[in-house]
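The structure under discussion appears below in the form of structure tokens.
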Protein chains: 2
Amino acid sequence: MTSSVIRPTSRNSGTPAAHALLDVLIGWGVRQVFCCPGSTEAAFLDAVVERSAELDIVLTTHESIAVAMADGAARITGRPQVAYLHTNVGMANGVAHLTAAQLANSPVLVLNGLKSTALQGRDGFTTVPYPRDMIRQHVKWARQVTSAGTLPSDVARALRTSAAEPTGPTWIGLPQDVMDSTAPVEAAPTAVVPAAVPQNRPAVEAVTTAARLLAEATRPVLVAGGDVARHGATETLVTLAEHLGATVLGEDRRGFQRTAFATSHPRFAGPYASNHPAVRDADLLFFVGCRMFTEFEAPAENELPTRASTIHAHVDAGEVGRLYPVDVGLVGHTRAVLDDLLAALPTPAQVPANATPLRTNATRSTVPTDATRSTDSTPSGPVAAFPGHVGLAPIVAALVDGLGDDTTVVLDATTATPALLAALPQRRPDQVLLSSSGSLGWGTGAALGVRLAQPGHPVVAVLGDGSFQFGIQALWTAVHYRIAVTFIVLNNGSYSAVGSALHRFDGAARRTGRWPGTDIGGPRIAEIAAGFGVPATRVETPAELSAALRAVRDTAGPTLVEVLTGPNHDRTEP
Amino acid sequence: MTSSVIRPTSRNSGTPAAHALLDVLIGWGVRQVFCCPGSTEAAFLDAVVERSAELDIVLTTHESIAVAMADGAARITGRPQVAYLHTNVGMANGVAHLTAAQLANSPVLVLNGLKSTALQGRDGFTTVPYPRDMIRQHVKWARQVTSAGTLPSDVARALRTSAAEPTGPTWIGLPQDVMDSTAPVEAAPTAVVPAAVPQNRPAVEAVTTAARLLAEATRPVLVAGGDVARHGATETLVTLAEHLGATVLGEDRRGFQRTAFATSHPRFAGPYASNHPAVRDADLLFFVGCRMFTEFEAPAENELPTRASTIHAHVDAGEVGRLYPVDVGLVGHTRAVLDDLLAALPTPAQVPANATPLRTNATRSTVPTDATRSTDSTPSGPVAAFPGHVGLAPIVAALVDGLGDDTTVVLDATTATPALLAALPQRRPDQVLLSSSGSLGWGTGAALGVRLAQPGHPVVAVLGDGSFQFGIQALWTAVHYRIAVTFIVLNNGSYSAVGSALHRFDGAARRTGRWPGTDIGGPRIAEIAAGFGVPATRVETPAELSAALRAVRDTAGPTLVEVLTGPNHDRTEP
């Protein structure tokens, strides 16, 4: 273990604390900090001036964008990403999208510039009495640094905590007096760098039992959650599924965060739902790397078919058996779980001959989805009377057709999500990314973070017009840094989730045809984007959309296509 | 005391709980609810369909706008205003501007639609374990309603708590199961309606002592805070100032919320600052209806001149003596304090003959302000090396010249604020409104709320380009409801407060001329506004600004003028 001391430079330039902060971040491989600064962040910014070759800021014009960018980049890299927010008001603005990072287990470190310790005790400008209270339930660990001397170890601990499973956000408050301090700072010991983060494996007896249940099952169903992708376990799960002859489902729609299993694989049969035929028919359900469940409303009856045995594998012991008892719990890193299971299974020859035969891809078309279930009670349900996404199918088809097969798609389009999830190509892990937080506007910033983490790889954000307005400031960052994301905005001029809810409520709105809180029409989104400097077009037909998608392919910077999908714009091809 | 029972209607239409909620709100004079709804708010919205003649929603496309609008309207009316936010993510988005409402003592009730109680206990979609933790320190009272039966009294108590001095925000969590409940609900007792909110008066002995000190003082200075305006005490303060022959200062700049004293009055001599000549020279300082103080940084030395006696009048006992001991504390409603003092003073003939003579208005020009103090350490300080608001003075002059004398101005332009505060006409209480929260973007929504509360009265929002981006979604609401606010955006293409902080830091940024985190140039703001449907122009010179202001006067809906004030746009008149 080595350590060194960071001393003040001869002229005021950064400070020892700011340079020690940079040292820790750089030591953890952080090369960019997503930032919306204020005056309290001067010492940090000044230190960056001198070391921008090692670490630079990515400026955003709203804190929500900084957090969403960090989340997007964290999902792709799996490594800690950093958002630097300004005082209590900037932190408040970052909280909504931090819930997305939290639910996606994104290792996002929020650095929060705070007013000096003395001013905090005097109710000064941009202070709150309890800054930690605002963020505590959204992070794994939250600490306000109290002296420059502990700053390196505090930040290193936050990074380590973010990177340890279950990975997730952390928060460090950085008072201005600490960051401005000119006293020498001892550097953090090298022992805290990331290589040392350990992984957990499931208990041997649990693996033995689970392997026996899997081998004995005649109609096993595997439910693949986001952690399968996050832990690089997709290929292992494919091996297991083929080995068992099992049907594979995706995580339930409200919990879906990222593609974990190729939807084109012949064993894949759509998202998990308690009324899915494969679920009703199963004698074993193996939930792997997903939550059980992310519910939109409390279920009227038990979500689990009572006949089937259940196995739940999750890296977080707290998730196993959280809402429903399971027969076997496997607590461990998803790849370790699957490796151990494969090793414990009988050889392929010993798999029961009566295992479910391989299904064809066509099976998928018979699977009920949120978009078609007649009993659906979520905002994705039928909106016959409410004028929402009328005629969306041809637009979705043109969209799918116009995207490259390998394009990464970031989705933030509330009521269009089920149709898009069912149709978009998902051939590899993380090809489609989603927030399960319900915080509108996440997608614009997240797409930028994804693109920065995947240079040269096409990234498209598909947004609703409501989400576009929430995340609009990302356009500035996209233009400023020439980040090549194509924003596709499905503009139906409405909060159709609200309209759907009123429709389900079946009261005065439906009786009178008045839908308060739903009409957000008016903005010419392409024109707004052009004002930010984003080349943009507005289209009205699937053919125009196809042409627009061809035109923007391989553009060096951001582009935007506004697609009118509202009730007055449901034109289909002649 | 009467009460009645609200029963379910024959067909599902609102619910008894939603109608009981509307009854309480309407009983308190609430006619509009600023709202950014989601699916959880269906019962409320459906009830509004049937009763929109009594109460309607004002839709916003981001929760921050709903909160800022409620704050703006609350400042003008002095009565409770309501923002209805959606689940944890919507609440998070509203928090930053709620700090503005809190600091301004705005009686804003935040209604927060939450997922059903059962789903909260299951970590369901858009739930957090501790919703109250996110908001607790920003409100006077926070309660999640646990049954429909107590909903009316819970909401009535929140309204009463908001309306009681010191007025301020409250929060009510409304779980969906409570709002959807079809059980009959007993209406709230009429006793909780607003007429009964009492006011406090200062202790008689304190009044006697304060009156004696004021009468004996030879160089008294009165510091008039926002509560002078909020409590309708401006005329009384004028009487007192003229009676005493006292100099009047405004609240310190960081605490300034609203015009409380006419800057054109001959006794007015600028904002309070510890180095103000009148303060240094005073033998008595009377702080009335202001905080002592709202500090930008902890003071190096005591802010109070040691020679002077001090009196502090505030409606909140907690504010008196909070940071500095005072000789006399007067705890009471500001008008009651001033009425009592005037009554306790010797008759005018008995005022000492050596009282300070009336100063002329010209005195103001000799008063140091934040914009000119050479020792200034706030972001409003000199930015000689950082290319910020170069050549702002002629623009400010054209702006002042182009506004009607009675126009209400909502300011949200960080570094331009001191110059604007010094120059803008402030002839009546509340003519200039400001947030002291530091949360950018407050001004767009606040201006809309102010205008709705002052129909027919001209309202202008003066914004920085940074603030414009933060509060951009207000343009949608302005267009949708044709709210006649003129937005004037001073576009210097930079976060100049950050630049000023780096300049003061005096390190690598200043040495190298690189200013990270400051360049937000690029957006063509007038074009963006036009995309939202706001008629907009971009101007570059004071003459063009004057012409643009003439052109937009008396326009029926919103308009926007973008003024280029950056380093490349410092052209002055030839």
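The values are calculated or read from the model by the stated rules, or taken from the named source; none is laboratory data. Because the structure is predicted, anything quoted here is derived from the model rather than measured. Note: ideal-geometry Cβ built from the backbone for every residue, glycine included; neighbour counts use all protein chains shown. Just so you know, the surface numbers come from the protein's heavy atoms only, side chains and all, with ligands and any DNA or RNA stripped out. Shrake-Rupley method; radii C 1.70, N 1.55, O 1.52, S 1.80 Å.
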Legend entry - So A:D316, is it modelled with pLDDT of 95 or more and within 14 Å of chain B (Cβ to nearest Cβ): yes
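Does A:V459 count as in contact with a Pro (Cβ under 7 Å, 6 or more places away or on another chain), of a type in the set (A, V, I, L, M), open to solvent by less than 10 Å² (accessible area, probe 1.4 Å) and at pLDDT 95 or above? Give the steps one after another, and end with the answer.
Numbers: in contact with a Pro (Cβ under 7 Å, 6 or more places away or on another chain): no; of a type in the set (A, V, I, L, M): yes; open to solvent by less than 10 Å² (accessible area, probe 1.4 Å): yes; at pLDDT 95 or above: yes.
Against the criterion (in contact with a Pro (Cβ under 7 Å, 6 or more places away or on another chain), of a type in the set (A, V, I, L, M), open to solvent by less than 10 Å² (accessible area, probe 1.4 Å) and at pLDDT 95 or above), A:V459 does not qualify.
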Legend entry - the range B:473-514 - residue that is assigned to a loop (DSSP other than H, G, I, E, B) and surrounded by 24 or more Cβ atoms within 10 Å (Cβ to Cβ) and, of those, farthest from the chain's Cα centre (by Cα): B:G507
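Can we say B:A556 is among the hydrophobic types (A, V, I, L, M, F, W, C), outside any loop (DSSP other than H, G, I, E, B) and either more than 7 Å from chain A (Cβ to nearest Cβ) or farther than 18 Å from B:P458 by Cα (or both)?
Values: among the hydrophobic types (A, V, I, L, M, F, W, C): yes; outside any loop (DSSP other than H, G, I, E, B): no; either more than 7 Å from chain A (Cβ to nearest Cβ) or farther than 18 Å from B:P458 by Cα (or both): yes.
Spelling it out, it is not the case that B:A556 is among the hydrophobic types (A, V, I, L, M, F, W, C), outside any loop (DSSP other than H, G, I, E, B) and either more than 7 Å from chain A (Cβ to nearest Cβ) or farther than 18 Å from B:P458 by Cα (or both).
Name the single residue that is farthest from the other protein chains (Cβ to nearest Cβ) among those in the range A:541-550 being more than 28 Å from the chain's Cα centre (by Cα) and closer than 17 Å to A:V462 by Cβ.
Let us first name the residues in the range A:541-550 that are more than 28 Å from the chain's Cα centre (by Cα), namely A:541-544, A:547.
The next check asks that each one be closer than 17 Å to A:V462 by Cβ; those that pass are A:542, A:544.
Values: A:P542: 24, A:E544: 19 Å.
That would be A:P542.
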Legend entry - Residue that is nearest to the chain's Cα centre (by Cα), among those in the range B:55-90 that are under 21 Å from B:V459 (Cβ atoms), within 9 Å of chain A (Cβ to nearest Cβ) and not in a strand (DSSP E or B): B:S64
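Going through B:G466, B:G445, B:G449 one at a time, which residue ends up being open to solvent by less than 30 Å² (accessible area, probe 1.4 Å), assigned to a helix (DSSP H, G or I) and in contact with a His (Cβ under 9 Å, 6 or more places away or on another chain)?
Details: B:G466 fails: in contact with a His (Cβ under 9 Å, 6 or more places away or on another chain); B:G449 fails: in contact with a His (Cβ under 9 Å, 6 or more places away or on another chain).
Sole residue among the options that is open to solvent by less than 30 Å² (accessible area, probe 1.4 Å), assigned to a helix (DSSP H, G or I) and in contact with a His (Cβ under 9 Å, 6 or more places away or on another chain): B:G445.
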Inset, instruction - Determine which single condition A:S52 fails, assuming it passes every other condition in (1) within 11 Å of another protein chain (Cβ to nearest Cβ); (2) over 26 Å from the mean Cα position of the chain (by Cα); (3) of a type in the set (G, A, S); (4) open to solvent by less than 10 Å² (accessible area, probe 1.4 Å). - result: (4)
Inset, instruction - Could you please tell me which pairs satisfy a Cβ distance under 7 Å, a separation of 6+ or placement on different chains, a first residue in the range B:428-439 that is part of a loop (DSSP other than H, G, I, E, B), and a second residue that is open to solvent by 20 Å² or more (accessible area, probe 1.4 Å) and of a type in the set (D, E, K, R)? - result: B:S436/B:R254
Inset, instruction - Return yes when B:T127 is over 22 Å from A:D465 (Cβ atoms) and touching a residue at least 24 places away in the same chain (Cβ under 8 Å) and no when it is not. - result: yes
Inset, instruction - Just one of (1) outside any helix (DSSP H, G or I); (2) within 14 Å of chain A (Cβ to nearest Cβ) trips up B:R254, so point out which. - result: (1)
Legend entry - Scope the range A:470-517; condition over 25 Å from A:L392 (Cα atoms), in contact with a strand residue (DSSP E or B) (Cβ under 8 Å, 6 or more places away or on another chain) and among the small types (G, A, S); matching residues: A:A478, A:A484
Legend entry - Check on B:G94, assigned to a helix (DSSP H, G or I), among the small types (G, A, S) and closer than 21 Å to A:G517 by Cα: yes
Legend entry - All helices (runs of 4 or more DSSP H) inside the range A:116-217 with 3 or more residues being at the interface with chain B (Cβ under 10 Å from one of its Cβ atoms): A:117-120, A:131-135, A:176-180
Legend entry - Within the range A:515-530, tally of residues that are of a type in the set (V, I, T), facing chain B (nearest Cβ under 7 Å) and not in a helix (DSSP H, G or I): 1
Legend entry - Extreme residue, most open to solvent (accessible area, probe 1.4 Å), among residues of the range B:404-420 that are aliphatic (A, V, I, L, M) and in contact with a helix residue (DSSP H, G or I) (Cβ under 7 Å, 6 or more places away or on another chain): B:A419
